[in-house]
Every structure is written in structure tokens, then in C-alpha cells.
Amino acid sequence: MDGFLYLYVFVLAAFTGYEIIGRVPVILHTPLMSGSNFVHGIVLVGAMVVLGHADGTVEKVIGFVAVLLGAGNAAGGYVVTERMLEMFKPSAKKGGAA
């Protein structure tokens, strides 16, 4: 029964997150990305703590995958945020001949 409860909470969280993010105005996406990168860092630290307390092989494998995916998610979020911020910088070209 616990498995169904966990699945229900996961699906509910995914649906709620999708609905909330889908209603964010475009102008707020860059600050929102920066804030979510912070949260992903906290998730990564939590995954490392859980991995450190893992006893069995299966728990260690799942914990390692969680740390790997969390690190990729946090790093990718910073890369995307940097690329978005580059779009708002002024162009380096000033009146050059074509």
C-alpha cells in the first residue's frame, strides 16, 4: 500500500509543478531558474546524505543514480541560466562593415 501512496504523491507533485510552472510569465523564467537551481543543489546534498546511509547494494545503486542525475540537473540548470542571461547582454558589434 505504501508504494501506491508514494506513486500518488509523485504524480500529484508532478502535475502541480507542471501547472504552476506553466502559468509563470516569460519575464520571470530567468529568476525562477536561478531559484530552482538553488533548490536542485539542496536536493543534491540530500541525495548524497541518503547515499551515505545506504546499506544494501540496490540502495547504493539507486542513491548513486540519484546523485548523478541531481548533479546533472543542477549543472544543466546553471548552463541554461547562463545562456538565457547572455541573450540580454548588448551585442559586441557596433557599426562594423558587413
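The values are calculated or read from the model by the stated rules, or taken from the named source; none is laboratory data. These figures come from a predicted structure and were not determined experimentally. Methodologically, a virtual Cβ is constructed for each residue, glycine included, from the backbone with ideal geometry; neighbour enumeration extends over all protein chains shown. These accessible areas exclude ligands, DNA and RNA; they are computed on the full protein's heavy atoms, side chains included. Shrake-Rupley method; radii C 1.70, N 1.55, O 1.52, S 1.80 Å.
What the table below lists for this structure:
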{"item": "Whichever residue in segment 56-72 is loosely packed, with under 15 Cβ neighbours inside 10 Å and closer than 9 Å to LEU44 by Cα and, among such residues, is nearest to the chain's Cα centre (by Cα)", "result": "LEU69"}
{"item": "Filter result (modelled with pLDDT of 80 or more and exposed (fewer than 10 other Cβ atoms within 10 Å of the Cβ)) within segment 19-48", "result": "GLU19"}
{"item": "Inter-residue pairs, beta-carbon under 8 Å, first within 22 Å of ASN37 (Cβ to Cβ) and in segment 48-70, second open to solvent by less than 100 Å² (accessible area, probe 1.4 Å) and assigned to a loop (DSSP other than H, G, I, E, B), 6+ apart", "result": "GLY63/ALA54"}
{"item": "Given (1) open to solvent by less than 60 Å² (accessible area, probe 1.4 Å); (2) farther than 15 Å from HIS40 by Cβ; (3) of a type outside the set (Val, Ile, Thr); (4) in contact (Cβ under 8 Å) with a residue 24 or more places away in the chain, number of the condition LEU85 does not satisfy", "result": "(1)"}
